[in-house]
1. Being over 18 Å from residue 50 (Cα atoms), in contact with a helix residue (DSSP H, G or I) (Cβ under 8 Å, 6 or more places away or on another chain) and not assigned by TED's automatic domain parsing to the domain that holds residue 54 is the requirement here; does residue 121 meet it?
2. Please indicate, with yes or no, whether at least one residue in the stretch 162-178 is at pLDDT 90 or above, assigned by TED's automatic domain parsing to the domain that holds residue 39 and hydrophobic (A, V, I, L, M, F, W, C).
3. Can you tell which of 107, 131 is within 25 Å of residue 39 (Cα to Cα), hydrophobic (A, V, I, L, M, F, W, C) and part of a helix (DSSP H, G or I)?
4. Taking the conditions exactly as written (assigned to a helix (DSSP H, G or I) and more than 30 Å from residue 135 (Cα to Cα)), does residue 60 satisfy them or not?
5. Give 95, 117 a once-over and let me know the one that is more than 19 Å from the chain's Cα centre (by Cα), part of a helix (DSSP H, G or I) and more than 24 Å from residue 39 (Cβ to Cβ).
6. Has the stretch 162-173 got at least one residue that is of a type in the set (A, V, I, L, M, F, W, C) and either assigned to a loop (DSSP other than H, G, I, E, B) or more than 20 Å from residue 50 (Cα to Cα) (or both)?
7. Given the options 59, 95, 123, name the one that is more than 13 Å from residue 6 (Cα to Cα) and touching a residue at least 24 places away in the same chain (Cβ under 8 Å).
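The values are calculated or read from the model by the stated rules, or taken from the named source; none is laboratory data. Here the structure is a predicted model, which means the values were calculated and not measured. Here the Cβ positions follow ideal geometry from the backbone for every residue, glycine too, while neighbour counts run over all protein chains shown.
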Amino acid sequence: MLYLQLFLSFVKIGMLSFGGGYAVLPLIQEEIVRNQHWLTASEYLDVLTISQMTPGPIAINAASFVGTKMAGIPGSILATAGCVTPSAIIISFLAWFYFKYRDQGLIQGIMSGLRPAVVALIAVAGYSLIITALWGGQADLLLSNLDRQALAILAGSFILLRTKLIKPIAAILLSGAAGVLIHFLGS
């Protein structure tokens, strides 16, 4: 039963993950944290962190990690297959349709309308991740509950990435090193 749940949950995510990448994060969180309760909000953030550090699309990496946690290697294979199958079918049809009708005004209008919605999905995911990272997912967003070390790491990473002083993998490695240093200095 768990195998089927993993497969179907990630089929659902795969079918609804328009915009890909960061736009799919709220869908993954809704399904694996809120609906299925397979991960806590903190574990979800850890999975996203690991998914960012490994090659490949975030949704597929997350499916692999969640599947492994819940049901080992077979669970990983089924969750990943569930995530990929709808996309493979849908994109094959859409690619054919797009290349056949891409110059039509209706298609251009649809694409123009979808772009802002995808940005909104990314913004919602970012907001949720910031709350979890800086307040531990608490409902009370009080300054007294703010994790100041996490804020410093977030701000430093943001500035270094935005100014292109370092590459994303370097930001991840430096942030991890900062977390270790803060842990040992705080102990």
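1. Numbers: over 18 Å from residue 50 (Cα atoms): yes; in contact with a helix residue (DSSP H, G or I) (Cβ under 8 Å, 6 or more places away or on another chain): yes; not assigned by TED's automatic domain parsing to the domain that holds residue 54: no.
Against the criterion (over 18 Å from residue 50 (Cα atoms), in contact with a helix residue (DSSP H, G or I) (Cβ under 8 Å, 6 or more places away or on another chain) and not assigned by TED's automatic domain parsing to the domain that holds residue 54), residue 121 does not qualify.
2. Looking through the stretch 162-178, none of the residues is at pLDDT 90 or above, assigned by TED's automatic domain parsing to the domain that holds residue 39 and hydrophobic (A, V, I, L, M, F, W, C).
3. Working: 107 fails: within 25 Å of residue 39 (Cα to Cα).
Answer to the check: 131.
4. Numbers: assigned to a helix (DSSP H, G or I): yes; more than 30 Å from residue 135 (Cα to Cα): no.
Criteria not met by residue 60.
5. Working: 117 fails: more than 19 Å from the chain's Cα centre (by Cα).
Answer to the check: 95.
6. Yes, the conditions are met somewhere in the stretch 162-173.
7. Numbers: 95 fails: touching a residue at least 24 places away in the same chain (Cβ under 8 Å); 123 fails: touching a residue at least 24 places away in the same chain (Cβ under 8 Å).
After ruling out the rest, the residue left standing is 59.
Residue-wise test of (1) modelled with pLDDT under 90; (2) in contact with a helix residue (DSSP H, G or I) (Cβ under 6 Å, 6 or more places away or on another chain).
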| site | (1), (2) |
| --- | --- |
| 65 | no, yes |
| 73 | no, no |
| 76 | no, yes |
| 81 | no, no |
| 84 | no, no |
| 90 | yes, no |
| 94 | yes, no |
| 97 | yes, no |
| 110 | yes, no |
